[in-house]
Amino acid sequence: MRLYIIRHAETEYNKLGLIQGSEVDSVLNKVGRKQSKLFYDFYKKLNIEKIYVSGLKRTLQTVKRFIDNGIPYEKINDFNEISWGVNQGKNDDLEEYKSLTDSWKNGELDKKFNSGESPNEMVVRVMRGVDKIIKENFNSVLICIHGRALRVMLSKIINNDLSKMDKYVHSNTGMYVLEYDKGIFTIIDRNLRKHL
């Protein structure tokens, strides 16, 4: 199975450097709509059998041209972005934000903001989504998710170590290409941006 995994296109929250988690159901901005079109124009010939998106608008909007062209899709709420709790919508240069993500790098993966979600909580639902896709057993799928969700997914299936998640660099519509065979995931390409 080949998995094409992309982060959604740009939103105004991304542009302004604001923390945008699962409770923020933002839409693509002008730049994001352009990124989405460029991604589609570059990859429309890929033989994708099914598309999976999170339950948030920005992922569906990013890949809507593929869906409009007849590729079946499914929303998987388990792929929603992490909840940043009380700091949702605040500037991402917040000292508490840096302190929290640094603690995750040190293996403190149960830490979270008040009313938020930890990586150890998030990975349970993200892997439910991955398992569902693997069981459906298509040859080629496109998954559109979120920055932290992408990092949690890759660090779990590649390293089985969530403290490594920040090594998975991502950008809006940047694409990872993975192969899955007999229980093993292999990264073929990372954060492809040649369509932009």
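What follows draws every value from the coordinates through simple rules; no lab data is involved. Just so it is clear, the structure is predicted and the values come from calculations on it, not from any experiment. Quick reminder, even Gly has a Cβ in these numbers, built from the backbone with ideal geometry, and neighbours come from all protein chains shown.
If one takes the longest principal axis of the Cα atoms in the chain, at what angle in degrees, from 0 to 90 and to the nearest 10, does the Cα axis of helix 95-105 lie?
Approximately 70 degrees, to the nearest 10.
So what's the angle, to the nearest 10 degrees on a 0 to 90 scale, between helix 57-68 and the longest Cα principal axis of the chain?
Rounded to the nearest ten degrees, it is 0.
Using only the alpha carbon atoms of region 1-159, find the Kirkwood hydrodynamic radius as the inverse mean reciprocal pair distance, in angstroms to one decimal.
Taking every pair of different Cα atoms in region 1-159, averaging 1/r and inverting gives 16.2 Å.
Could you give the size of the charge dipole of region 40-196 about its Cα centre, using +1 on the Cβ of each K and R and -1 on the Cβ of each D and E, expressed in debye and rounded to the nearest 20?
Roughly 440 debye, rounded to the nearest 20.
For region 17-70, just the Cα set please: Rg and Dmax, both in angstrom.
My reading of the Cα-based Rg and Dmax gives 12.1, 35 Å.
Which of the listed residues, Trp84, Gly70, Tyr180, is farthest toward the dipole's positive end in the chain, when Lys, Arg count +1 and Asp, Glu count -1 at the beta-carbon?
Gly70
Given R₀ = 22 Å, what would the calculated FRET efficiency be for Asp102 paired with Lys15, taking r from the Cβ atoms and rounding to 0.05?
0.35
Under a straight-distance cross-link criterion of Cα-Cα below 15 Å, which aspartates and glutamates are reachable from Lys37, leaving out those fewer than 8 residues away in the same chain?
Straight-line reach from Lys37, under 15 Å: Glu10, Asp68.
Explain nothing, just compute: Karplus ³J(HN,Hα) = 6.51 cos²θ - 1.76 cosθ + 1.60, θ = phi - 60°, for every residue of region 130-142 in order, whole Hz, x for Gly and Pro.
4, 4, 4, 5, 4, 5, 6, 6, 7, 7, 8, 10, 10
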